[in-house]
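To start, the structure under review is shown below, and the notes come after it.
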Amino acid sequence: QVQLGESGGGLVQTGGSLKLSCAASGLPFSMYSMAWFRQTPGMEREFVAATDWWGTKSEYADSVKGRFTISRDNAKSTLYLQMTSLKSEDTAVYYCAATSSNYWRSRRDMNYWGHGTQVTVSS
């Protein structure tokens, strides 16, 4: 059974930082590209960042480019998202996802999802 478990969310002030983690089990982690998405109430889940099998290639949404960094540790089967210079518009539930697809930006191409972790940025 595949499980993706996010952690590290919380309440942070504008301009602050948080680091999210996603621990994976039940799948050959190093054989999947991994991604972060986020969702706010009433909105569609949107792409945030993704990285390939070995973490050598990454993509970011324009809204987070230069502020967020995605990384992974295949030995620990864990995905990370370092978030800096946080803004109120970054407030959302953040989900990690695993995909065997070469297309990372669509939630429809994700094979597995975690349950999400809440990030709230307050001013």
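Residues are listed down the side, and each one gets a yes or a no for (1) more than 18 Å from residue 10 (Cβ to Cβ); (2) not charged (D, E, K, R):
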{"site": "39", "(1), (2)": "no, yes"}
{"site": "44", "(1), (2)": "yes, no"}
{"site": "61", "(1), (2)": "yes, yes"}
{"site": "80", "(1), (2)": "no, yes"}
{"site": "98", "(1), (2)": "yes, yes"}
{"site": "102", "(1), (2)": "yes, yes"}
{"site": "106", "(1), (2)": "yes, yes"}
{"site": "115", "(1), (2)": "no, yes"}
{"site": "119", "(1), (2)": "no, yes"}
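Just one of (1) polar (S, T, N, Q); (2) closer than 14 Å to residue 21 by Cβ; (3) outside any strand (DSSP E or B) fails for residue 71. It is (3).
Within the range 58-100, the set of residues being among the acidic types (Asp, Glu), within 21 Å of residue 118 (Cβ to Cβ) and open to solvent by 10 Å² or more (accessible area, probe 1.4 Å) comprises 89 only.
Would you point out the residue of the range 1-17, among those that are under 17 Å from residue 67 (Cα atoms) and either charged (D, E, K, R) or not in a loop (DSSP other than H, G, I, E, B) (or both), that is most open to solvent (accessible area, probe 1.4 Å)? In this case the residue turns out to be 13.
Can you name every residue in the range 103-117 that is aromatic (Phe, Trp, Tyr), within 17 Å of residue 61 (Cα to Cα) and open to solvent by 70 Å² or more (accessible area, probe 1.4 Å)? Spell out how you get there, then give the answer.
From the range 103-117, those aromatic (Phe, Trp, Tyr) are 103-104, 112-113; that's our starting set.
Right, trim to within 17 Å of residue 61 (Cα to Cα) and you get 103-104.
Result: 103, single match.
Residue pairs whose Cβ atoms lie under 8 Å apart, sitting 6 or more positions apart in sequence or on different chains, and linking a residue in the range 23-52 that is over 14 Å from residue 6 (Cβ atoms) and in contact (Cβ under 8 Å) with a residue 24 or more places away in the chain to a partner that is hydrophobic (A, V, I, L, M, F, W, C) and open to solvent by 30 Å² or more (accessible area, probe 1.4 Å), are 26/2; 27/2; 30/53; 30/54; 31/53; 32/53; 33/53; 40/93.
Mind checking whether some residue in the range 45-54 is outside any strand (DSSP E or B) and of a type in the set (Val, Ile, Thr)? No: zero hits.
The values are calculated or read from the model by the stated rules, or taken from the named source; none is laboratory data. All values reported here derive from a predicted model rather than from experimental measurement. Cβ: placed from backbone, ideal geometry, glycine included. Neighbour counts: every protein chain shown. Accessible surface areas use protein heavy atoms only, side chains included; no ligands, DNA or RNA. Shrake-Rupley method; radii C 1.70, N 1.55, O 1.52, S 1.80 Å.
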